[in-house]
Amino acid sequence: MADYKPLRVIISGGGTGGHIFPALAIAEALKRKNAATEILFVGAQNRMEMEKVPAAGYPIVGLPVAGFDRKRLWRNFAVLVKLANSLAKARKVIKDFNPDIAVGVGGYASGPVLKQAQKKGIPTLLQEQNSYAGVTNKMLARQAKAICTAYPDMQRFFPAEVITLTGNPVRESLTQCSCTRDEACTKLGFDPARPLLFVTGGSLGARTINDSVKAALPLFEKEGIQVLWQTGKLYADECAAAAKGLSFVKATPFISDMALAYRAADLVVARAGAGTISELELLGKPALLVPSPNVAEDHQRKNAEALTSRNAAVMILDADAPAKLGSTVCSMIKDTQLLQNLGKSVAALARTESADKIADVIYSLVK
């Protein structure tokens, strides 16, 4: 058995659940190998990691970093000032914590932290979740000691000799749910005898998906489809108003027990973020994907196409969703053979124990 000594690890990044939950999964894997390992998270101030990470029991430091505004360039003077302040704060965090290694999971905060770690000669590991590499990770890749990817053929973006294909870590709780589909429906207050659609636009919500679901509610009612709807906090009030008085719909800003939601669902409607796709793969869930057009390099569309090209999901584009989402859901959810085939195909793409594999790479670098 490997000798897993206690480490001091900085994990940096965030901004969305797609970055935060893999980061927490890596932390849990390191703690499983040695409970005495000390982990410090570094995120961006006023982003969701500042709430989610402490809730999971880990300390976090917030940097005043923000992303560049590519449409309104005049706003970037303030961004540059924040970046300079973030670099200075990251330098102090690294000096005070003195980590054995720094891990970047993507998002605004990972850039300043890993850059300062690399300057100090501290080994860095990047975790790239998407099929198309993010700008921050591409900038940091040249000096990274290891890059853990979720998709093959990433040598297009990174030096081949430092790449390890691990898959994306997901929350451990997702795979530990022992409920049957019917038990999960009952626990959530739905009728197990009727089909259940689970809609999620991610932790922040997705306007196009929410608007398309609102428009489709009369159709879903007519077809006897129940809807579990994670609206995101930005759209909570308007979606709750749309669902008011409709007994077949439960609209909620955030679902804490995602394992139960997935287990109950016959079909999932979601964005095509890397974390969501990894969850669908591990749980073998049929999905209708609506990639966000508001992401760098259109990477969500590329993520979705990695599934649709293998008959492992169905995709409709964001621009087509308002007109097509309702009818597409209805035709898919009635076709039990299609749902079964999609579930089998997506499950075949799953990479298991990703967090443990990344933890092993971390240990190999520290040695």
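The values are calculated or read from the model by the stated rules, or taken from the named source; none is laboratory data. Model, not experiment: these values are computed from the prediction. Ideal geometry is used to build each Cβ from the backbone, glycine not excepted, and the neighbour counts take in all protein chains shown. Note: areas computed on protein heavy atoms with side chains; ligands, DNA, RNA excluded. Shrake-Rupley method; radii C 1.70, N 1.55, O 1.52, S 1.80 Å.
The table that follows gives values for the structure above.
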{"quantity": "Hits in segment 184-241 (condition: on the phi > 0 side of the Ramachandran plot and more than 25 Å from the chain's Cα centre (by Cα))", "calculated": "189, 224"}
{"quantity": "Restricting segment 129-148 to residues that are in a helix (DSSP H, G or I) and of a type in the set (D, E, K, R), the residue that is nearest to the chain's Cα centre (by Cα)", "calculated": "138"}
{"quantity": "Elements of type helices (runs of 4 or more DSSP H) in segment 174-251, at least 3 residues being farther than 30 Å from residue 319 by Cβ and open to solvent by 10 Å² or more (accessible area, probe 1.4 Å)", "calculated": "181-187"}
{"quantity": "Which numbered condition residue 327 misses (of (1) of a type in the set (Gly, Ala, Ser); (2) open to solvent by 40 Å² or more (accessible area, probe 1.4 Å); (3) modelled with pLDDT under 95)", "calculated": "(3)"}
{"quantity": "Considering residues of segment 94-112 that are assigned to a helix (DSSP H, G or I) and modelled with pLDDT under 95 only, the residue farthest from residue 147 (Cα to Cα)", "calculated": "112"}
{"quantity": "Complete set of residues in segment 315-324 that are open to solvent by less than 70 Å² (accessible area, probe 1.4 Å) and within 23 Å of the chain's Cα centre (by Cα)", "calculated": "315, 316, 317, 318, 321"}
{"quantity": "Exclusive hit being of a type in the set (Gly, Ala, Ser), outside any helix (DSSP H, G or I), crowded, with 19+ Cβ neighbours inside 10 Å and at pLDDT 95 or above, set 312, 359", "calculated": "312"}
{"quantity": "Residues of segment 330-344 satisfying the condition of being open to solvent by 50 Å² or more (accessible area, probe 1.4 Å) and closer than 20 Å to residue 229 by Cα", "calculated": "331, 334"}
{"quantity": "Test for residue 305: is it at positive phi and more than 16 Å from the chain's Cα centre (by Cα)", "calculated": "no"}
{"quantity": "Pair list, Cβ under 6 Å, 6 or more apart: segment 135-146 residue surrounded by fewer than 17 Cβ atoms within 10 Å (Cβ to Cβ), other residue at pLDDT 90 or above and not aromatic (Phe, Trp, Tyr)", "calculated": "143/118"}
{"quantity": "The one condition in (1) modelled with pLDDT under 90; (2) surrounded by 15 or more Cβ atoms within 10 Å (Cβ to Cβ); (3) out of contact with any helix residue (DSSP H, G or I) (no Cβ under 8 Å at 6 or more places or on another chain) that residue 72 fails to fulfil", "calculated": "(2)"}
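Here is a yes/no grid of residues against (1) in a helix (DSSP H, G or I); (2) closer than 20 Å to residue 132 by Cβ; (3) β-branched (Val, Ile, Thr); (4) open to solvent by 10 Å² or more (accessible area, probe 1.4 Å):
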position: 299; (1), (2), (3), (4): yes, yes, no, yes
position: 346; (1), (2), (3), (4): yes, yes, yes, no
position: 351; (1), (2), (3), (4): no, yes, no, yes
position: 364; (1), (2), (3), (4): yes, no, no, yes
